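The values are calculated or read from the model by the stated rules, or taken from the named source; none is laboratory data. These figures come from a predicted structure and were not determined experimentally. With ideal geometry, Cβ positions are generated from the backbone for all residues, glycine too; neighbour counts draw on all protein chains shown.
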Amino acid sequence: MWLSDAKIVLPDRVMERGSICVEGERIVAIVEGPAPHADWDLHGLTVTPGIIDMHGDMIEREIEPRPGVHLPFDMALIELDKRLAANGVTTAYAAVSFAELWDKHELRREERAREIVAAICRHRDALLTDMRVHARFEVTNRRAPPVLLELIAAGQVDLVSVNDHTPGQGQYRDLEKYVRTIAEWRNVSADAVADMTRDRIARMQETPPAWDVVREVTALAMHYRLPIASHDDDTPEKVAFMAGLGVTISEFPVTLEAAEEAKQRGMHVVMGAPNALRGTSHSGNLSAMDAIAAGVVDMLAADYHPAALLQAAYAVVARGVLPLHRAIGLIAQNVAEGLGLRERGVIAERSYADIALIEEGPLRPRVRGTLRHGQFIYLDRVLAARRKHAIQS
């Protein structure tokens, strides 16, 4: 199958007019100019690698679209899968939280997390995207380790992150802002959140994180060669501590100093795509766009909004921070490298044909089609007409 006469984003440059031949699951040829036989006429479109998202919290929102309103796991997974494919995502790590929270957010407790993981594993082969499990381990949850260790040993976890959302540090260093944010998010009074926050801090002081248990989790993850991320690093000292646990990815560092320390240690630094797109952090922490400009960011993650991935990459280009091929690398090649994914994340011969077909204007960049392993998993009417045109001509 020939994808003909498109702008192609290669790992090291942009080919302004070129064609790609796909056979089976892989790219077998890339040539300059139109193809000798065009199965798909892509003139005016841009070909990028399929997007890889290493952290997406969307599955929980699909299951619980409103507080206390729970929908079937299987239904939520299928609907999220379609949305990811329509946004050019071909590989997605669904972030599943093993968290001990002060509120009644049952989805983030370990047994509910186990059910979500089971649903992903049960339906994985039938999904459009390559859906994987990102297990978010909250270090204050003493009930989670047995469940998490069991899932890792069973091969049902693909990425582990170490999280500490205790108010007063990390992402939530500003307690007043934390209280306002949680009150708005959970639709409860600020006074109630403040009372619960004080209670939670007191309990954490009485029973601090069991770092020996955290080391047990990270040691097992390393045994199975799983990538390990730390979450919301706020100081160089925190980064150094996490590196000692085997962490290789610094996820959403909240200060430039923490991000710089991670880079100096050879860790992969991840920032949120919505943060980069908006140019500012919703919680008042490090701006992803500023961090990219400072040269300390390797990847972008959807966080809570998959459409932001492609849009953020183009925003980086529009602001003159990076050229297109390097901006696309933030959501494709660099992510594959950081997660140890082979033969994906790039448009190159012998790589998997995971491809997004983009129209750059007149509106914002939009995905017209997505292929995973050489098969279309999303196709809109505009691109479908290109196939008809190629046959008629």
Is it the case that Pro274 is over 26 Å from Ala210 (Cβ atoms), at pLDDT 95 or above and within 17 Å of the chain's Cα centre (by Cα)? yes
Complete set of residues in segment 212-234 that are surrounded by fewer than 12 Cβ atoms within 10 Å (Cβ to Cβ) and either at positive phi or modelled with pLDDT under 90 (or both): Asp212, Arg225
Among the residues listed as Leu84, Leu149, the single one being within 25 Å of Phe252 (Cα to Cα) and more than 17 Å from the chain's Cα centre (by Cα): Leu149
Assuming Ile331 fulfils every condition listed in (1) within 20 Å of Lys7 (Cα to Cα); (2) buried (at least 22 other Cβ atoms within 10 Å of the Cβ); (3) touching a Lys or Arg at 6+ places or on another chain (Cβ under 7 Å) apart from one, which condition is it? (3)
Residue within segment 41-48 that is within 30 Å of Ser250 (Cα to Cα), of a type outside the set (Lys, Arg) and assigned to a loop (DSSP other than H, G, I, E, B) present: no
Options Leu127, Leu71, Leu77: the member that is among the aliphatic types (A, V, I, L, M) and more than 21 Å from Ala302 (Cα to Cα): Leu71
Can you find, within segment 52-81, the residue that is surrounded by the most Cβ atoms within 10 Å (Cβ to Cβ) among those that are assigned to a helix (DSSP H, G or I), touching a strand residue (DSSP E or B) at 6+ places or on another chain (Cβ under 8 Å) and not hydrophobic (A, V, I, L, M, F, W, C)? Asp81
Quick one: Glu260 ticks every box in (1) touching a Lys or Arg at 6+ places or on another chain (Cβ under 6 Å); (2) assigned to a helix (DSSP H, G or I) except a single one, so which number is it? (1)
Has segment 352-365 got at least one residue that is over 21 Å from Glu32 (Cα atoms) and at pLDDT 95 or above? yes
Members of segment 280-297 found to be surrounded by 17 or more Cβ atoms within 10 Å (Cβ to Cβ) and either farther than 13 Å from Val316 by Cα or touching a Pro at 6+ places or on another chain (Cβ under 7 Å) (or both), listed by number: Ser281, Ser283, Asn285, Leu286, Val296
